[in-house]
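Worksheet for the structure shown next.
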Amino acid sequence: MTTILEKTAGLVAFVRTVDAGSFQAASRLIGSSPSAVSKSVAKLERRLGAKLIQRSTRQLGLTSEGIAYYERVAPLLRALDDAGDIVQNTGTARGLLRVTAPVELGRGLIASWAQLFLTEQPEVKLELNVTDRHADLIRENYDVAVRIGALTDSGLTARGIASLPTLLVAAPAYLQRRGTPASIADLRAHDFIRYIRSGRPLSVTFADGTEIMPDGRFDTDDGGAIRHAALAGAGIAHLMQFAVKEDLNAGRLLRVVPDMPLPTMPVHIVHAFGRQLPVRARLFVEFLVRQMGRLDR
């Protein structure tokens, strides 16, 4: 008869193997040998009567049954890990930390800070999903999300971690071709590279409250694409200052209407843990607060 401990060992081995990508990497997380992890997964497959992992000499892949099973059991196992984290009084984090962040922050900042965080927390594995789409934290099993701008998620816990300056910029070639705007009236006659959210372009609001809906022939939901299009001379772009700092210093982009300031953009961390944030997520939030505070704005 299979005991609860044997069943749990198989579940842990399976989930850790999927998270880590190999039996060898999973064995380091579990503190066992690769062969023992492989045997535990094989026992689980025999008990379930289904193949969960396709094994090859180069890589592991999930079967359709494996995908369905992982989606059901991984959140349960992570909930057990979180319960242990909550009662810990130490500052030591461990386990898989899943983060989703918008393109500008994910690629431009968090990815460059990842090694520093992992050095500080050697028992944490970080998975960063970079997308401007607002992921469903609960359904997609993310620990935390980094959000820019006004918050729309209901039922999530939010913490403000920064307020970052934004600019209007354009390439010298575009300004030579279309002229340099000096007023809001001038801006209305220019092409903007517009950011799309939920199928609609976002307006530009200035610090004095003036709001315009810019015209444009190129719309995208990717902040990185907006920057590249601006560099190519496609139009005026509304971007984070940190994202274009090097381009401005090198003259690849120029500020547009610099005497008309724009409001700073709030950055929040959101999560679904309420007040009981797991240690790995809490330390990551504190890390981001420190790093954001050190930005040369």
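Remarks
- Subset of segment 136-148 [touching a residue at least 40 places away in the same chain (Cβ under 8 Å) and loosely packed, with under 14 Cβ neighbours inside 10 Å]: Ile138, Glu140
- Counted as qualifying within segment 4-73 are the helices (runs of 4 or more DSSP H) with 2 or more residues that are under 19 Å from Val124 (Cα atoms) and either at pLDDT 80 or above or within 25 Å of the chain's Cα centre (by Cα) (or both), namely 4-20, 23-30.
- Criterion violated by Leu239 - all others in (1) in a helix (DSSP H, G or I); (2) buried (at least 18 other Cβ atoms within 10 Å of the Cβ) satisfied: (1)
- Of all residues in segment 266-274, at least one satisfies being surrounded by fewer than 16 Cβ atoms within 10 Å (Cβ to Cβ), assigned by TED's automatic domain parsing to the domain that holds Leu151 and more than 18 Å from the chain's Cα centre (by Cα).
- Test: Ala250 is in contact with a Gly (Cβ under 7 Å, 6 or more places away or on another chain), under 30 Å from Ile212 (Cβ atoms) and not assigned by TED's automatic domain parsing to the domain that holds Ser112: no
- Helices (runs of 4 or more DSSP H) fully within segment 155-235 counting 1 or more residues that are within 26 Å of the chain's Cα centre (by Cα) and either closer than 29 Å to Val270 by Cα or without any contact (Cβ under 8 Å) to a residue 40 or more places away in the chain (or both): 223-231
- Odd one out for Thr92, checked against (1) in contact (Cβ under 8 Å) with a residue 24 or more places away in the chain; (2) not in a loop (DSSP other than H, G, I, E, B): (2)
- Residue match in segment 180-194 (condition: under 27 Å from Gly293 (Cα atoms), modelled with pLDDT of 90 or more and of a type outside the set (D, E, K, R)): no
- Residue list for segment 165-179, restricted to those being in contact with a helix residue (DSSP H, G or I) (Cβ under 9 Å, 6 or more places away or on another chain) and either modelled with pLDDT under 90 or surrounded by fewer than 16 Cβ atoms within 10 Å (Cβ to Cβ) (or both): Pro165, Gly179
- Check on Asp186, in contact with a helix residue (DSSP H, G or I) (Cβ under 6 Å, 6 or more places away or on another chain) and acidic (Asp, Glu): no
- Selection status of Arg133, more than 27 Å from Arg16 (Cβ to Cβ), among the basic types (Lys, Arg) and without any contact (Cβ under 8 Å) to a residue 40 or more places away in the chain: no
- Residue in segment 213-221 that is more than 18 Å from Thr131 (Cα to Cα) and hydrophobic (A, V, I, L, M, F, W, C) present: yes
- Residue list for segment 207-224, restricted to those being out of contact with any helix residue (DSSP H, G or I) (no Cβ under 8 Å at 6 or more places or on another chain) and among the hydrophobic types (A, V, I, L, M, F, W, C): Ala207, Met213
- The set of residues in segment 245-289 being β-branched (Val, Ile, Thr) and assigned to a helix (DSSP H, G or I) consists of Val279, Val285, Val289.
- Residues satisfying the stated conditions in segment 174-207, i.e. more than 17 Å from Ala225 (Cα to Cα) and of a type in the set (A, V, I, L, M, F, W, C): Leu175, Ala182, Ile184, Ala185, Leu187, Ala189, Val204, Phe206, Ala207
- When Arg282, Arg227 are screened for being surrounded by 15 or more Cβ atoms within 10 Å (Cβ to Cβ) and either among the β-branched types (Val, Ile, Thr) or in the same structural domain as Gly108 (by TED's automatic domain parsing) (or both), only Arg282 passes.
The values are calculated or read from the model by the stated rules, or taken from the named source; none is laboratory data. Since the structure is predicted, the reported quantities are computational estimates derived from the model, not experimental observations. Glycine gets a Cβ as well: all are built from the backbone with ideal geometry, and neighbour counts include every protein chain shown.
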